[in-house]
Amino acid sequence: MTPDETLALVRIVAVAHDREIPNGLAEVWYATLGDLPFGLTRQAIVELPTSRRRTVPRPADIRERARLITNHQHRAAAKQQQLDARQQRAITAAHT
């Protein structure tokens, strides 16, 4: 993720939480979250509940949500591979 992308995420959080963002937050997030892909980080931030939260999400909160999203995507992909393999076996069996 780039510094500009990180700043865009900080702005999303500012609007979502209707609050001023402390100076330097984008730099802190870039230092702590910069290794994550922008799309994944954005999705994690958007999925974090805002109604119960009064504070800006911590990098650890964002990382945890990103981890959960990634795990869900991996499980869904593995399940799809199993379904595809099962379907391929059924097709092969029907042609023999």
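The values are calculated or read from the model by the stated rules, or taken from the named source; none is laboratory data. Computed from a prediction, not measured in an experiment: that's the story for all the values here. FYI the Cβ positions are ideal-geometry reconstructions off the backbone, even for glycines, and counts take in every protein chain you see. Ligands, DNA and RNA are excluded from the accessible area calculation, which covers all protein heavy atoms including side chains. Shrake-Rupley method; radii C 1.70, N 1.55, O 1.52, S 1.80 Å.
Structure notes:
- Residue within segment 20-36 that is modelled with pLDDT of 95 or more, in a loop (DSSP other than H, G, I, E, B), out of contact with any His (no Cβ under 9 Å at 6 or more places or on another chain) and of a type in the set (Asp, Glu) present: yes
- Of the set (1) at pLDDT 90 or above; (2) within 18 Å of the chain's Cα centre (by Cα); (3) open to solvent by less than 40 Å² (accessible area, probe 1.4 Å), all apply to Arg75 but (3).
- Of all the criteria given as (1) surrounded by 10 or more Cβ atoms within 10 Å (Cβ to Cβ); (2) under 18 Å from Asp18 (Cα atoms), the one not satisfied by Thr41 is (2).
- Residue match in segment 14-33 (condition: closer than 21 Å to Gln73 by Cα and out of contact with any strand residue (DSSP E or B) (no Cβ under 6 Å at 6 or more places or on another chain)): yes
- Yes/no for Arg63 being in a helix (DSSP H, G or I), at pLDDT 90 or above and open to solvent by 60 Å² or more (accessible area, probe 1.4 Å): yes
- Sole exception among (1) open to solvent by less than 90 Å² (accessible area, probe 1.4 Å); (2) assigned to a loop (DSSP other than H, G, I, E, B) for Leu68, by number: (2)
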